[in-house]
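> Provided herewith is a single structure, encoded as structure tokens, for subsequent inquiry.
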Amino acid sequence: MDDKILWLSILIGIILSSCQDEVRLSCELVIDSSVTIEEDKYFLESDNYDEPTIIITGNNFTIDFNGSTIIGDTNYQHPDLFTGLGIKVENASNVTIKNLNIRGFKVGLLADSIPGLTIENCNFSYNYRPRMKSIREREDISDWLSYHDNEEDEWLRFGAGIYLKNCDKVSISENRITQNQNALLMVGCNMGEVYNNVFSFNSGLGIGLYRATQNKIMHNCLDFNIRGYSHG
């Protein structure tokens with residue numbers, strides 16, 4: 001009899017856990033604990049980096065976006081006009097973000113001073129990329145990029161799928177970023193792991209590192225991140 005009661009209690013616990021309400025996204029939503037997002041396409045606009053559509057803050061939790069897509073701008077013919085920030089992670093540590101799709105922003109996700117951040121199985125493709133003036137016959141010098149200085153986050157003007165600043169011991173795996181200007185930019189990030197990602201067909205950098213050290217970059221597909229074209 002006691003065994004039946006025990007198994008019944010376990011079964012009820014499993015059922016209640018599986019029936020927890022999924023959360024819908026809304027503009028300016030703050031997430032500070034473990035949650036599963038209701039799968040859907042969410043059209044959330046952001047005009048600048050100070051007004052992200054979603055803010056993540058807190059310690060030691062997991063957000064499962066459950067395959068949801070956050071869309072900032074639907075003017076796909078003019079990705080050079082994309083603005084704003086999709087998700088900002090701040091005042092947090094040991095946060096896991098997974099199964100997210102985000103497009104139509106200048107920067108998909110920005111995290112500042114977040115140790116132990118994990119981003120896995122996400123897609124940050126089809127965000128900002130400028131209109132190129134180079135053609136097959138000649139290169140246009142206005143397409144040149146300078147990544148020499150980033151003491152004041154100058155790289156942000158170039159856009160990115162993921163922009164990480166001062167985030168130690170991050171884990172970035174199984175993500176896809178294509179058709180951006182830049183895929184992953186890491187500034188002042190140390191002892192992280194970036195592996196099994198596909199960062200291809202971007203017009204700037206696949207992975208950009210600035211004042212970053214002791215990171216393990218392995219088993220990534222980083223082809224066709226090409227700036228301009230001129231034969232011969």
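> Let me know the shape class of the range 138-232, please: from the alpha-carbon gyration tensor, a ≥ b ≥ c as square roots of the eigenvalues, rounded when a/c is under 1.5, otherwise prolate if a/b is greater than b/c, or oblate.
The shape class here is oblate.
> What is the distance, in nm, between label points placed 7 Å from the Cα along the Cα-to-Cβ direction at GLU174 and at THR62?
About 1.0 nm separates the two model spin labels.
> Okay, moving on. Determine ³J(HN,Hα), in whole Hz, for all residues of the range 29-46 in sequence, where each value follows from phi through the Karplus function 6.51 cos²θ - 1.76 cosθ + 1.60 and θ = phi - 60°; x replaces Gly and Pro.
5, 10, 10, 9, 7, 4, 7, 10, 8, 5, 5, 5, 9, 10, 9, 10, 9, 9
> Would you mind estimating how fast the range 97-188 diffuses translationally, via Stokes-Einstein at 37 °C and 0.692 mPa s with the Kirkwood radius over Cα pairs, in µm²/s?
Rounded, D is 232 µm²/s.
> Which value in Å is the Kirkwood Rh of the range 15-86 over different Cα pairs?
Computed over Cα pairs of the range 15-86, the Kirkwood hydrodynamic radius comes out at 13.6 Å.
> Determine the gain in length on full extension of the stretch ASN48-ASN121; use 0.36 nm per residue of separation and subtract their C-alpha separation, reporting nm with one decimal.
Working it through step by step, the gained length comes to 23.7 nm.
> If I fit a long axis through the Cα atoms of helix 2-18 and take the longest principal axis of the Cα atoms of the chain, what angle between them do I get, 0 to 90°, rounded to 10?
Helix 2-18 and the main axis of the chain meet at about 30 degrees.
> Moving on. Sorted from largest down, what three extents in whole angstroms do the Cα atoms of the chain have along their principal axes?
Projected onto its principal axes, the Cα set of the chain covers 83, 39, 30 Å.
> Okay, next question. Whats the longest run of the chain with zero trypsin sites (Lys or Arg not before Pro) that are DSSP loop and have at most 14 other Cβ atoms within 10 Å?
Here the longest run is 25-130.
> In addition: Treating cross-link reach as a plain straight distance, find the aspartates and glutamates whose alpha-carbon is under 15 Å from the alpha-carbon of LYS133, omitting any fewer than eight places away in the same chain.
Answer for LYS133, where 15 Å is the Cα cut-off: ASP80, ASP143, listed by chain and number.
> Something else now. Averaging sequence separations of C-alpha pairs under 8 Å and six or more residues apart, then dividing by the length of the chain, give the relative contact order as a whole percent.
Value for the chain: 14 percent.
> Here's a follow-up. Search the structure for amide H atoms under 5 Å from the amide H of CYS221, placed 1.01 Å from N in the peptide plane, and list their residues when 5 or more places away or on another chain.
ASN197, VAL198, PHE199
> Shifting gears a bit: Given labels modelled 7 Å from the Cα in the Cβ direction, how far is it in nm from GLN77 to SER34?
Result: 4.7 nm between the two label points.
> Could you work out which residue, out of GLU139, GLU38, GLU152, moves most in a Gaussian network model of the chain, that is, has the largest mean-square fluctuation with Cα springs under 10 Å?
Per the Cα network of the chain with a 10 Å cutoff, GLU152 tops the list.
> Ok, one more. Need the list of lysines near LYS98 for cross-linking: C-alpha distance under 23 angstrom, and skip anything on the same chain fewer than eight residues off.
LYS41, LYS88, LYS106, LYS165, LYS169, LYS216
> Round to a whole angstrom and tell me the spacing of the C-alpha centers of the range 41-69 and the range 122-171.
Their Cα centres are 21 Å away from one another.
> Build a GNM of the chain with springs between Cα atoms under 10 Å: which of LEU184, LEU205, LEU81 gets the top mean-square fluctuation?
LEU81
Readers should treat all values here as calculations from the given coordinates under stated rules, not as data from a laboratory. Values in this document were obtained by computation on a predicted structure and should not be read as measured data. Cβ: placed from backbone, ideal geometry, glycine included. Neighbour counts: every protein chain shown.
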